[in-house]
Amino acid sequence: MKASWYAEALYGALNGKHVKNESDSRKIFTHFRKVVSARGHDGLLPFVAHEFGKIVTRERDRNEVILVTADNKSVGKWAHAYDHYEKEGIIPKGATRRDVVDESIVGGFQIRTKDTLVDGSYKKSLVELYRNITN
(Lines give C-alpha, C1' and ligand atoms only; values in the text may rest on other atoms or scores of the structure.)
Protein backbone atom coordinates (compact mmCIF):
# COMPACT_ATOMS: atom_id res chain seq x y z
CA MET A 1 0.00 0.00 0.00
CA LYS A 2 1.33 3.43 -0.88
CA ALA A 3 1.24 6.37 1.49
CA SER A 4 -0.31 8.52 -1.24
CA TRP A 5 -3.28 6.13 -1.47
CA TYR A 6 -3.89 6.42 2.25
CA ALA A 7 -3.54 10.20 2.02
CA GLU A 8 -6.05 10.42 -0.84
CA ALA A 9 -8.51 8.25 1.09
CA LEU A 10 -8.12 10.36 4.23
CA TYR A 11 -8.51 13.60 2.29
CA GLY A 12 -11.66 12.31 0.60
CA ALA A 13 -13.13 11.14 3.90
CA LEU A 14 -12.39 14.43 5.66
CA ASN A 15 -13.99 16.41 2.83
CA GLY A 16 -17.02 14.15 2.52
CA LYS A 17 -20.62 15.19 3.00
CA HIS A 18 -20.82 13.52 6.43
CA VAL A 19 -18.22 15.81 8.00
CA LYS A 20 -20.07 18.71 9.54
CA ASN A 21 -17.84 19.69 12.46
CA GLU A 22 -14.50 19.05 14.11
CA SER A 23 -15.86 16.12 16.11
CA ASP A 24 -16.72 14.29 12.89
CA SER A 25 -13.19 14.92 11.59
CA ARG A 26 -11.68 13.48 14.77
CA LYS A 27 -13.83 10.35 14.48
CA ILE A 28 -12.76 9.84 10.89
CA PHE A 29 -9.08 10.34 11.72
CA THR A 30 -9.31 7.95 14.71
CA HIS A 31 -10.94 5.31 12.52
CA PHE A 32 -8.31 5.93 9.82
CA ARG A 33 -5.48 5.30 12.30
CA LYS A 34 -7.16 2.07 13.47
CA VAL A 35 -7.46 0.83 9.90
CA VAL A 36 -3.81 1.67 9.11
CA SER A 37 -2.67 -0.04 12.33
CA ALA A 38 -4.82 -3.11 11.67
CA ARG A 39 -3.15 -3.51 8.31
CA GLY A 40 0.30 -3.22 9.89
CA HIS A 41 1.18 -0.01 8.05
CA ASP A 42 1.97 2.22 11.05
CA GLY A 43 5.35 2.96 9.53
CA LEU A 44 3.65 4.76 6.65
CA LEU A 45 1.95 7.38 8.84
CA PRO A 46 4.74 10.00 8.58
CA PHE A 47 4.71 9.56 4.81
CA VAL A 48 0.92 9.76 4.75
CA ALA A 49 1.15 13.10 6.56
CA HIS A 50 3.63 14.37 3.97
CA GLU A 51 1.46 13.20 1.06
CA PHE A 52 -1.62 14.68 2.74
CA GLY A 53 0.15 18.06 2.83
CA LYS A 54 0.85 17.80 -0.90
CA ILE A 55 -2.80 17.03 -1.59
CA VAL A 56 -3.96 20.01 0.47
CA THR A 57 -1.56 22.28 -1.44
CA ARG A 58 -2.71 20.89 -4.78
CA GLU A 59 -6.38 21.38 -3.94
CA ARG A 60 -5.76 24.91 -2.62
CA ASP A 61 -4.02 25.82 -5.88
CA ARG A 62 -6.85 24.25 -7.86
CA ASN A 63 -9.43 26.26 -5.91
CA GLU A 64 -7.62 29.58 -6.22
CA VAL A 65 -9.15 32.16 -8.52
CA ILE A 66 -7.16 35.22 -9.53
CA LEU A 67 -8.92 38.49 -10.33
CA VAL A 68 -6.52 40.60 -12.40
CA THR A 69 -7.20 44.33 -12.79
CA ALA A 70 -5.23 47.29 -14.10
CA ASP A 71 -5.03 49.08 -10.72
CA ASN A 72 -6.16 48.81 -7.10
CA LYS A 73 -9.19 51.04 -7.66
CA SER A 74 -10.55 48.67 -10.30
CA VAL A 75 -10.77 45.69 -7.96
CA GLY A 76 -14.01 46.93 -6.43
CA LYS A 77 -15.33 47.93 -9.83
CA TRP A 78 -14.87 44.46 -11.32
CA ALA A 79 -15.73 42.37 -8.24
CA HIS A 80 -19.30 42.10 -9.60
CA ALA A 81 -17.94 40.25 -12.64
CA TYR A 82 -16.27 37.76 -10.31
CA ASP A 83 -19.55 37.31 -8.43
CA HIS A 84 -21.42 36.82 -11.71
CA TYR A 85 -19.07 34.10 -12.99
CA GLU A 86 -19.15 32.39 -9.61
CA LYS A 87 -22.97 32.43 -9.64
CA GLU A 88 -23.02 31.02 -13.19
CA GLY A 89 -20.67 28.18 -12.19
CA ILE A 90 -17.80 29.24 -14.49
CA ILE A 91 -15.54 29.49 -11.45
CA PRO A 92 -15.90 27.23 -8.40
CA LYS A 93 -18.08 28.46 -5.55
CA GLY A 94 -16.18 29.08 -2.35
CA ALA A 95 -12.85 29.37 -4.13
CA THR A 96 -10.12 31.52 -2.67
CA ARG A 97 -9.93 34.81 -4.55
CA ARG A 98 -6.60 36.55 -4.96
CA ASP A 99 -6.50 40.07 -6.38
CA VAL A 100 -3.57 40.94 -8.65
CA VAL A 101 -2.72 44.26 -10.30
CA ASP A 102 -1.32 44.03 -13.83
CA GLU A 103 -0.88 47.41 -15.50
CA SER A 104 -0.38 45.79 -18.91
CA ILE A 105 -4.10 44.99 -19.27
CA VAL A 106 -4.82 48.78 -19.38
CA GLY A 107 -8.38 48.34 -18.08
CA GLY A 108 -11.08 45.77 -17.55
CA PHE A 109 -10.41 42.47 -15.81
CA GLN A 110 -9.24 38.91 -16.21
CA ILE A 111 -10.39 36.00 -14.08
CA ARG A 112 -7.92 33.13 -14.04
CA THR A 113 -8.24 29.65 -12.59
CA LYS A 114 -6.01 26.69 -13.18
CA ASP A 115 -8.15 25.66 -16.17
CA THR A 116 -10.02 28.80 -17.24
CA LEU A 117 -9.35 32.35 -18.39
CA VAL A 118 -12.17 34.88 -18.62
CA ASP A 119 -10.70 37.85 -20.46
CA GLY A 120 -12.67 41.07 -20.13
CA SER A 121 -9.61 43.26 -20.42
CA TYR A 122 -9.08 46.13 -22.79
CA LYS A 123 -5.66 44.77 -23.72
CA LYS A 124 -7.10 42.12 -26.05
CA SER A 125 -9.27 44.66 -27.87
CA LEU A 126 -6.40 47.12 -28.19
CA VAL A 127 -4.06 44.45 -29.57
CA GLU A 128 -6.68 43.40 -32.15
CA LEU A 129 -7.22 47.04 -33.13
CA TYR A 130 -3.46 47.49 -33.51
CA ARG A 131 -3.23 44.40 -35.72
CA ASN A 132 -6.10 45.58 -37.91
CA ILE A 133 -4.56 49.03 -38.35
CA THR A 134 -1.07 47.74 -39.15
CA ASN A 135 -2.19 45.03 -41.60
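The values are calculated or read from the model by the stated rules, or taken from the named source; none is laboratory data. The structure presented is a predicted model; accordingly, all values stated were derived computationally and were not measured. Virtual Cβ from ideal backbone geometry, glycine too; neighbours counted across all protein chains shown.
Restricted to the stretch 52-101, and to residues there that are assigned to a helix (DSSP H, G or I) and polar (S, T, N, Q), the residue that is farthest from residue 29 (Cα to Cα) is 74. Answer yes or no: is there a residue in the stretch 8-29 that is under 16 Å from the mean Cα position of the chain (by Cα), closer than 30 Å to residue 102 by Cβ and either modelled with pLDDT of 90 or more or surrounded by 13 or more Cβ atoms within 10 Å (Cβ to Cβ) (or both). No, that holds for no residue.
Condition first: surrounded by 15 or more Cβ atoms within 10 Å (Cβ to Cβ), at pLDDT 90 or above and in contact with an Asp or Glu (Cβ under 6 Å, 6 or more places away or on another chain). Can you find one or more residues in the stretch 31-51 that meet it? No. The set of residues in the stretch 108-117 being surrounded by fewer than 17 Cβ atoms within 10 Å (Cβ to Cβ) and in a loop (DSSP other than H, G, I, E, B) consists of 114, 115, 116. Restricting the stretch 78-101 to residues that are surrounded by 15 or more Cβ atoms within 10 Å (Cβ to Cβ) and among the acidic types (Asp, Glu), which is nearest to residue 68 (Cα to Cα)? Once the filter is applied, the top-ranked residue is 99. Whenever a residue of the stretch 42-70 is not assigned by TED's automatic domain parsing to the domain that holds residue 95, its partners that are of a type in the set (Phe, Trp, Tyr) and surrounded by 19 or more Cβ atoms within 10 Å (Cβ to Cβ), lying with C-beta atoms within less than 7 angstrom and at least six residues away or across chains, give the pairs 44/6; 48/6.
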